[in-house]
Every structure is written in structure tokens, then in C-alpha cells.
Amino acid sequence: MQKLYMIIKTEAFSDRPEVLFASTSKTKIDAKLEDIFKELKEDEVFDYVEGDYLILNSDDCYYIESVEKFL
């Protein structure tokens, strides 16, 4: 069974994460997270791990999650 990969965004003062992108291709999701990283100014980024997460100085966070089973 294929996995579904998603980029999730959480905002600093929100308790509702948001799914921004989803794909069955991990490569496409990794590339999209890198695109988001490249669009930001260097002083906006707190931490970035390629293929995993991006944390901004504003405490907003983008991270990759996967789903193994579909309903």
C-alpha cells in the first residue's frame, strides 16, 4: 500500500494544524518543503532539516507527516 505524505503547517498561537500539500511522492513533498524554505529570508528561519521540518522565528512550523492507511 502506498503512503501519503503531507506538509503540515502549525501557527504559533493556533491549535489547528493545516495540511498545505499532500502527495504519494516523498520526493515531491521534500522538494515543496525546500521551496518554502527558499522563499523565506534567512532571518525568518530558526531551523530547517531537509526532508523533515522548517521552524520559523515566529514559531510557525512546517513539517512532513505520512499516512499509511486510507479510509
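Points to keep in mind about this one:
- Among residues of the range 24-65 being touching a helix residue (DSSP H, G or I) at 6+ places or on another chain (Cβ under 9 Å) and β-branched (Val, Ile, Thr), the one that is nearest to LYS9 (Cα to Cα) is ILE64.
- Residue that is nearest to LEU71 (Cα to Cα), among those in the range 1-32 that are more than 12 Å from the chain's Cα centre (by Cα) and among the basic types (Lys, Arg): LYS3
- At least 3 residues being out of contact with any Leu (no Cβ under 7 Å at 6 or more places or on another chain) and open to solvent by 40 Å² or more (accessible area, probe 1.4 Å) is the threshold, and among the strands (runs of 3 or more DSSP E) wholly inside the chain those reaching it are 18-23.
The values are calculated or read from the model by the stated rules, or taken from the named source; none is laboratory data. Only a predicted model underlies this, so the values are computations on that prediction, with no experimental measurement involved. Note: ideal-geometry Cβ built from the backbone for every residue, glycine included; neighbour counts use all protein chains shown. Areas reflect the complete protein model, heavy atoms only, side chains present, ligands, DNA and RNA absent. Shrake-Rupley method; radii C 1.70, N 1.55, O 1.52, S 1.80 Å.
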